[in-house]
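Since every read-out is calculated from the coordinates, none of them should be taken as a lab result. What you see is a predicted model, and the numbers here were worked out from it, not measured in a lab. Don't worry about glycine lacking a Cβ; one is built from the backbone with ideal geometry, like all the others, and counts go over all protein chains shown.
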Amino acid sequence: MTLLSELRSLETFAEFPDHDIALLAGICRTLTFPAGSAIIEQGERGRAAYFLLEGSVEVVRRLPGGNRTRLGVLTRGAIFGGVALLDGGMRAASCRAETETRVLELSAADFQRLTEASTPLGARFLMLICKQLVRDLRATNQRIAELAGVATLTADDVAASVGGSLL
């Protein structure tokens, strides 16, 4: 299977026209990580976003005091690492390959060129990252609700409990 057909098969790119997928495939690098290896380290500056092509990735956050908590597992089609590209900040969690994992890497420089070019691909890609952020925010809100023993939280509940830092 070619990279183009592989990307086309991912739900993530369902709304992208073929020429945009071909352009994206042309500027990204395909990387393979053995099981147990680090893809992203918490605290490092974001240098790339990743599209998970094969394998599974564990997302872990190091807490104050050195303990670690598992935030989840990503599977084929997931996008990760995009937040740090948006704000130039540090990685909020570590991502490790659980199994041999193959990803498509989009560098921060290429991400910036895509988004600043004011092309349809740049707009589609920004929307893709925004949708991922919304999914992550919803999952975080749900996790806060579960930890607090509340069935559901409204935006006002979250803003009151965490000072609006997630909103």
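Points worth noting:
- Look at the alpha carbon pairs under 8 Å that are at least 6 residues apart: their mean separation over the length of the chain gives a relative contact order of 24 percent.
- Charge sum, other residues only, whose C-beta stays under 13 Å from Ala22's C-beta, Lys/Arg counted +1 and Asp/Glu -1: -2
- Under 13 Å, Cβ to Cβ, from Glu44 - net charge with Lys/Arg +1 and Asp/Glu -1: +3
- Residue of Ala108, Ala92, Ala145 that the Gaussian network model of the chain assigns the largest fluctuation, springs spanning Cα pairs under 10 Å: Ala145
- Shape class of the range 26-104 from the Cα gyration tensor (axes a ≥ b ≥ c, square roots of the eigenvalues): oblate, since a/c reaches 1.5 or more and a/b does not exceed b/c.
- Net +/- balance of residues flanking Pro120 in space, Cβ distance below 12 Å, scoring K and R +1, D and E -1: -1
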